[in-house]
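Contents: one structure, followed by commentary.
The values are calculated or read from the model by the stated rules, or taken from the named source; none is laboratory data. None of the values given here were measured: they were computed from a predicted structure. So basically every Cβ, Gly included, is an ideal-geometry build from the backbone, and we count neighbours across all protein chains shown. In case anyone asks, the SASA skips ligands and DNA or RNA and just uses the protein heavy atoms, side chains included. Shrake-Rupley method; radii C 1.70, N 1.55, O 1.52, S 1.80 Å.
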Amino acid sequence: MNAPVSSFTPGMLVESPAARVSAAVACTRLSLRARGDLAPFEAALGLSLDGQIGSRSSSGVLEAMRLGPDEWILHGSKDAAASAVTELAGLYANHPHSLVDVSGREVSFVIEGPRAAELLTIGCPRNIETILPGSGRRTSFDGVTVVLWRDAETSFRMDVWNSFASHLLDLLATGCRELAAEIH
Amino acid sequence: MLLIHCPYCDETLPELEFTYAGEAHIARPENPSEMSDEDWQEFLFMRSNVKGPYHERWRHFHGCGRYFNAVRDTVSDKFLTTYKAGAPRPDLASLTEGLK
């Protein structure tokens, strides 16, 4: 029962006057689980991990979002991720943690356009307005767990597990067309 | 749809982000090998199934992923409070006071 791995060529997938969905350029994704004193991790990664669940921080090359009390997702280039892995390996003896490369697990969709936030309401039960620009959340989209990054008022990124990606893309495409049909 | 307050995210969110996880405050036996079959039956299968305020576990599955405890009135389906896993049971009298 192996679902085919979704491989989207980075670029536009769905385009309408209401919203556009494109596949993001592949990046390296790291899942970090840690508890206790976060300062050594922050120093090693060069970004802030403390903050509300859903808060984000960036070191320029690496971007982090807090997903839970002891869980973060890190996005970055291959080199940035490799150096993060090396840095954190040095901490392991004194600060046990888990750092796992999950790059192959997900693809990211970029959702933007004047009605992007409204497009997300077709599958997302929570109020999108509570996710402020510059933050993000792990939430549910049509019953599937996704990580939403709100980069600006009308620009989102959605990290989706491979096996759900084609289904969610179909749903987003339908939504784009429906919202576009309302524009006269 | 129920709105549930996640004590870890500190947000009140739709039920669809959560999953139910049974009765709360059921402690695992400290000496499993000394348990009789009746004790195991009691621990594994017997739940209080109360009519009224019920202590239960929920998990913020599509979110922070954490289990937490809640007090829900099984008659009205209203959540009286939610609190972090490991925290003591809240005082029921103070929770139900406002409802009388």
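Descriptive notes on the structure:
- Of the strands (runs of 3 or more DSSP E) contained entirely in the stretch B:1-96, those carrying at least 1 residues that are away from every other protein chain (no Cβ under 14 Å) fall at B:19-23, B:53-59, B:67-73, B:79-84.
- Criterion (assigned to a helix (DSSP H, G or I), over 22 Å from B:TYR8 (Cα atoms) and in contact with a strand residue (DSSP E or B) (Cβ under 8 Å, 6 or more places away or on another chain)) met by exactly one of A:ALA80, A:ALA43: A:ALA80
- Under the condition of being more than 20 Å from A:GLU106 (Cα to Cα), open to solvent by 20 Å² or more (accessible area, probe 1.4 Å) and within 14 Å of chain B (Cβ to nearest Cβ), the residues counted in the stretch A:54-93 number 2.
- Any hit, the stretch A:147-164, residues being in contact with a helix residue (DSSP H, G or I) (Cβ under 6 Å, 6 or more places away or on another chain), surrounded by 13 or more Cβ atoms within 10 Å (Cβ to Cβ), part of a loop (DSSP other than H, G, I, E, B) and within 14 Å of chain B (Cβ to nearest Cβ): no
- Scan of the stretch A:97-128 for residues that are within 20 Å of A:CYS27 (Cβ to Cβ) and acidic (Asp, Glu), ordered by number: A:ASP101, A:GLU106, A:GLU112
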